[in-house]
Amino acid sequence: MFTLPNLPYAYEALEPYIDRETMHFHHDKHHATYVANLNDLLKDQKEFAQMEIGQLVRSFNKIPEAIRQKVINNAGGVINHNHYWQLMSPKDEKNQPQGKLLEALNSAFGGLEKFQENFSAKALGRFGSGWIWLIAKDNKLEIVDTANQDTPESEGYKPLLTLDVWEHAYYLKYQNRRADYIKAWWNVVNWKEVEKRFNR
């Protein structure tokens with residue numbers, strides 16, 4: 001069965017950009033609910049319950065139709081949040097993209113600043129709830145967005161970076177000011193993890 005992973009840092013570690021209360025609420029309530037719902041949905045589906053979460057989201061077309069959409073929603077909620085926590089870290093001035101990752105960002109987007117502008121614009125323009133992703137597609141970096149808890153992993157793409165733009169990710173601190181949340185989030189991007197994923 002699927003379990004809720006611990007955060008890789010303390011709840012308050014991302015302050016002042018993402019506050020302790022939001023982290024508790026987001027991880028301990030929202031993420032935990034997706035895990036609980038997924039386990040409940042698959043309690044009589046041993047074949048799928050025994051899969052690793054990445055394998056499960058690539059097997060949605062095999063899920064019984066009666067529960068498929070609910071499994072998509074909740075499995076996506078589990079794996080998307082797993083990525084989100086790992087791709088943030090406490091602010092570190094030395095934590096910036098470098099090496100081949102930086103070269104790839106320069107080549108694909110015309111520089112780090114331009115990449116951040118494009119990514120932020122995609123995040124701000126995402127209507128309703130969803131996620132923004134940096135993925136490698138056909139050996140090229142690409143920014144994509146997904147609605148609700150859909151995930152590019154179900155299409156076989158490995159996320160290099162992701163931002164949660166559901167309101168529960170920022171509403172306690174930023175209310176309806178998504179733009180402020182996006183701007184603050186860049187301070188806690190874990191570029192070392194992004195680089196590790198890119199190199200893989």
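Of the peptides 72-83, 102-113, how do they stack up when ordered by the mean number of other Cβ atoms within 10 Å, highest first?
Those peptides, ordered most packed to least, come out 72-83, 102-113.
Taking each residue as 0.36 nm, the span from GLU47 to LYS196 lengthens on full extension beyond its C-alpha to C-alpha distance by 50.5 nm. A convex hull fitted to the Cα coordinates of segment 51-200 yields 117 cubic angstrom per residue.
Between the residues LEU105, ALA184, ALA147, the greatest Cα displacement towards the positive end of the dipole of the chain, with unit charges on the Cβ of Lys, Arg, Asp and Glu, is found for LEU105.
Among all the lysines, which ones have a C-alpha under 29 Å from LYS173's C-alpha, if same-chain residues fewer than 8 places away are not counted? Excluding near neighbours in sequence, the set is LYS29, LYS91, LYS94, LYS114, LYS122, LYS183, LYS192. In summary, the convex hull built on the alpha carbon positions of segment 20-86 has an orientation-averaged projected area of 4.4 nm².
Bear in mind these aren't lab numbers, they're just calculated from the coordinates by the rules spelled out. Computed from a prediction, not measured in an experiment: that's the story for all the values here. With ideal geometry, Cβ positions are generated from the backbone for all residues, glycine too; neighbour counts draw on all protein chains shown.
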